[in-house]
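Enquirer: Before I ask anything, let me first share the structure, which is written out below as structure tokens.
The values are calculated or read from the model by the stated rules, or taken from the named source; none is laboratory data. What you are looking at is a predicted structure, and each value in this text was computed from that prediction instead of being measured. As a convention, Cβ positions derive from the backbone with ideal geometry for all residues, glycine included, and neighbour counts pool all protein chains shown. Remember, those area values only see protein heavy atoms, side chains included, never the ligands or the DNA or RNA. Shrake-Rupley method; radii C 1.70, N 1.55, O 1.52, S 1.80 Å.
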Amino acid sequence: DVAYLRSVLPSTTDDAFFDYLGTLDASEVTVTAIPEGSVVFPRVPFLQVKGPLLVVQLLETTLLCLVNYASLVATNAARFRLLAGPDMKLMEMGLRCAQGPDGALSASKYSYIGGFDCTSNILAGKLYGIPVRGTIAHSFVMSFRGLEEVQPRELPPRDGGDPVDLAGLAVSWLQRVCDLLQTPPGKANQGELAAFVSYAVTFPCDFQGLLDTYCVRRSGLPNFCAVALALHQLGYQAIGVRLDSGDLAQQSKEIREVFRACGAHFHVPWFGTIPIAVSNDISEQSLEEFRREGSEIDMIGIGTNLVTCPLQPSLGCVYKLVEVNGSPCLKLTEDEEKMTIPGMKAIYRLYDATGHPFMDLMALEEEPSPSAGQELGIRVLGQLGETTKVIPTTVEPLHRTYFRDGQVCEPLPSLPEVRTHAQVSLSLLSPAHRRLHEPQPYPVAVTERLHRLFLELRQGS
């Protein structure tokens, strides 16, 4: 690395600088942070780094790169989870649309933290232990022309016995299903039926159907029901269907009606509850429409609008100097929102009697911690001209020390633990702060002492 820097920096650079770079280590660096997966609000320093100026300055780009996109995706995923509700299964499937392989892996990892249940990214499953899920593709269905292409086509019953010609069995069930649905069997695409049979022979315990390659009502749905009922006759149970086009909410209701009708008519009770999954450029607006219109959707696959974060493509996270050699420092600007808040700080989350956080408070590190039940005089950012009195029921210190003397000094949580923490953090927010449309602004404040320091530094400058 030092040799490369020599090649790109001006030839007049002092050799002693390169000698110094060769001696750098992290033994004098301390990192405190709000735990990963926590809800963090604007202007609150979620991470603080102490150490020699050059060393901590070298960390700036790395830390921002690691945090910015990850926070965006986790937040975006959390918004989808809030809209979908706790019972809907959410699958991340943005690998093909993400910003390169690294972006795709980050998207899979951090959408899982944000509340998604699984991913279609197999490498993310391998590396991070995220549950992996997927469905058959349109290209698989379209690659078949007729049942004569299905090899092998026999399947033994689940409880044992001689293999049965599943293709022939499915054809006989197709006639019965079409009679029930009052649709001509000849309208069901034979290549699609062959694809379903081939898949069912290979994965009899995990059979699922993609219904909209040709026509859902006349082909995909009767073909799926025929193969699923043939499997049932042999002791197996289909696990679901997927829709990828059209009016997803309305189609899901129509499909559920057909499943219930088949279940009742053919005396297969579980048939009416077959899970229905949907995909196709799903957005927040899509989820709101599903809820407004009502649907029978059990699982939603979301790709582009999850991993590309279209509502906010970048996060304005910054890394600012607040103290040098024990002296607080302040960046001044005409834009008050871009002024830094000086000094090393401790961060507290204040809770009300209902258990909801109602304010985050920044204090100087050397200040005594606020106490539950104690009245506090604070200044809310954006309203610094007036003192506000608050009495928290509970006070939670947010920063914890994770790195000191060159070593990680606190066990880092597993990915499932971070995911659980994220969901708990979101659930603690009051509905007024958690709602996605016109939420009540969450106040962030500073102590009177920190406010006085800010005024002194600003006047001195």
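Enquirer: Under a 5 Å amide H to amide H cut-off, with H placed in plane at 1.01 Å, what residues pair with Phe358 once short-range neighbours are removed?
Expert: HN-HN under 5 Å from Phe358: Leu350, Tyr351, Asp352.
Enquirer: Probe radius 1.4 Å, ligands and nucleic acids left out: which of His265, His232, His433 has the largest accessible area, and how do the rest follow?
Expert: Ranking His265, His232, His433 by accessible area, largest first, yields His265, His232, His433.
Enquirer: A further question on this structure: Hey, can you grab everything whose amide H is under 5 Å from the amide H of Val132? Only 5+ residues off in sequence or another chain; H modelled, so Pro and N-termini drop out.
Expert: For Val132, the qualifying residues are Thr119.
Enquirer: Residue by residue, what Karplus-based ³J(HN,Hα) values in Hz, rounded to whole numbers, does the range 254-269 have, using 6.51, -1.76 and 1.60 with θ = phi - 60° and x for Gly and Pro?
Expert: 5, 5, 4, 4, 5, 4, 5, 5, 5, x, 6, 5, 9, 6, 10, x
Enquirer: Still on this structure: Give me the one-decimal nm value for the distance between modelled label points at Gln374 and Glu323, 7 Å along each residue's Cα-to-Cβ direction.
Expert: 1.9 nm
Enquirer: Under a point-charge model restricted to the Cβ atoms of Lys and Arg (+1) and Asp and Glu (-1), what is the dipole moment magnitude of the range 75-308 relative to its Cα centre, in debye to the nearest 20?
Expert: Using only the charged Cβ atoms, the result is roughly 200 debye.
Enquirer: Accessible area per residue, 1.4 Å probe, Å², for the chain: what's the number?
Expert: On a per-residue basis, the chain sits at 51 Å².
Enquirer: Moving to a separate point now. Please get the size of the charge dipole for the chain, origin at its Cα centre, with Cβ charges of +1 on Lys and Arg and -1 on Asp and Glu, quoted in debye to the nearest 20.
Expert: With only Lys, Arg, Asp and Glu charged at Cβ, the dipole is about 800 debye.
Enquirer: Next question. Could you tell me the relative contact order of the chain? Use alpha-carbon pairs under 8 Å, at least six residues apart, and round to a whole percent.
Expert: Relative CO of the chain lands at 18 percent.
Enquirer: Compute, for the range 25-140, the length of the dipole vector about the Cα centre, with Cβ point charges of +1 (Lys, Arg) and -1 (Asp, Glu) only. Units Debye, rounded to 20.
Expert: Dipole magnitude for the range 25-140 comes out near 380 debye.
Enquirer: Another question about this same structure. The range 266-296 to the range 1-80: how many Å between their Cα centroids?
Expert: 44 Å
Enquirer: Could you give me the ³J(HN,Hα) list for the range 6-17, computed from phi with Karplus coefficients 6.51, -1.76, 1.60 and θ = phi - 60°, whole Hz, x at Gly and Pro?
Expert: Coupling constants for the range 6-17: 4, 6, 10, 7, x, 5, 7, 4, 5, 4, 4, 5 Hz.
Enquirer: Could you sort 199-210, 281-292, 155-166 so that the peptide with the highest average Cβ count within 10 Å comes first and the rest follow in order? Before the final figure, lay out the partial values.
Expert: Working: 199-210: 19.4, 281-292: 16.0, 155-166: 13.7.
Taking the mean over residues of other Cβ atoms within 10 Å, the ranking is 199-210, 281-292, 155-166.
Enquirer: At a 1.4 Å probe radius, carbon and sulfur cover how many percent of the accessible area of the chain?
Expert: Looking at the chain in its full context, I get 53 percent from C and S.
Enquirer: Using 0.36 nm per residue, how much length does the chain from Ala353 to Leu54 gain when fully extended, once their Cα-Cα distance is taken away?
Expert: 103.1 nm
Enquirer: For the chain: lysine pairs with Cα atoms under 29 Å, gap of 8 or more or different chains, count?
Expert: Lysine pairs, 8 or more places apart or on different chains, close enough: 18.
Enquirer: If you don't mind, there's one more thing I want to ask. Based on alpha-carbon positions alone, could you give the equivalent ellipsoid semi-axes of the range 1-129 from the gyration tensor, as √(5λ), descending, whole Å?
Expert: Taking √(5λ) for each eigenvalue gives 38, 19, 12 Å, largest first.
Enquirer: Let me know the Rg and Dmax you get for the chain when you use only its Cα atoms, in Å.
Expert: 29.1, 91
Enquirer: Using +1 at the Cβ of each Lys and Arg and -1 at the Cβ of each Asp and Glu in the chain, identify which of Ile136, Gly37, Val380 lies farthest towards the dipole's positive end.
Expert: Of the options given, the answer is Ile136.
Enquirer: Further question: So what are the ³J(HN,Hα) numbers for the range 151-157, from phi and the Karplus equation (6.51, -1.76, 1.60; θ = phi - 60°), rounded to whole Hz, Gly and Pro as x?
Expert: Going residue by residue, I get 9, x, 10, 9, 9, x, x Hz, with x marking Gly and Pro.
Enquirer: Which FRET efficiency, nearest 0.05, do Ser461 and His138 yield, Cβ-Cβ r, R0 41 Å?
Expert: 0.05
Enquirer: Say the dipole of the range 232-349 comes from +1 at the beta carbon of Lys and Arg and -1 at that of Asp and Glu; which of Ile276, His265, Leu321 then lies farthest toward its positive end?
Expert: Leu321
Enquirer: Can I ask one more? Between Leu415 and Glu148, what is the FRET efficiency for a Förster distance of 30 Å, r being their Cβ-Cβ separation, to the nearest 0.05?
Expert: So, using R0 = 30 Å, E works out to roughly 0.05.
Enquirer: At Lys338 and Leu64, where each label point lies 7 Å from the Cα along Cα→Cβ, what is the point-to-point distance in nanometres?
Expert: So the two model labels end up 1.2 nm from each other.
Enquirer: Add +1 for every Lys or Arg and -1 for every Asp or Glu among the other residues with Cβ under 10 Å from the Cβ of Leu415, and state the total.
Expert: Net charge in that neighbourhood comes out at 0.
Enquirer: Now for a separate question. Within the range 75-308, what percent of beta bridges assigned by DSSP are antiparallel, to the nearest 5? Could you put the intermediate results ahead of the total?
Expert: Numbers: 2 of 17 bridges.
So the antiparallel bridges in the range 75-308 amount to around 10 percent.
Enquirer: Going by alpha carbons, how many degrees (0 to 90, nearest 10) lie between the helix axis of 100-114 and the longest principal axis of the chain?
Expert: Compared with the principal axis, the helix lies near 90 degrees.
Enquirer: Here's a follow-up. Using the charge dipole of the range 400-461 (Lys, Arg: +1 at Cβ; Asp, Glu: -1 at Cβ; taken about the Cα centre), state which of Gln423, Ser461, Val408 has its Cα farthest towards the positive end.
Expert: The listed residue farthest towards the positive side: Ser461.
Enquirer: Can you give me the distance in nm between label points at Glu365 and Ser430, each placed 7 Å from the Cα along the Cα-to-Cβ direction?
Expert: Modelled inter-label distance: 3.3 nm.
Enquirer: Here is a follow-up. Within the set of other residues whose C-beta is less than 10 Å from the C-beta of Pro357, count the net charge using Lys and Arg as +1 and Asp and Glu as -1.
Expert: My count for the surroundings of Pro357 gives -2.
Enquirer: Count the net charge of all other residues whose Cβ sits under 15 Å from the Cβ of Arg292, scoring Lys and Arg as +1 and Asp and Glu as -1.
Expert: -4
Enquirer: If you don't mind, there's one more thing I want to ask. So if R0 is 41 Å, what FRET efficiency would Leu127 and Thr388 give, r being the distance between their Cβ atoms, rounded to the nearest 0.05?
Expert: 0.30
Enquirer: Considering only protein heavy atoms, what is the solvent-accessible area of Met359 at a probe of 1.4 Å, reported in Å² to the nearest 10?
Expert: Approximately 10 Å² for this residue.
Enquirer: For a label point 7 Å from the Cα of Asp102 along Cα→C-beta, name the residues of the range 47-78 whose backbone N is under 11 Å from it.
Expert: Residues 62, 65-66 qualify, since their backbone N sits under 11 Å from the label point.
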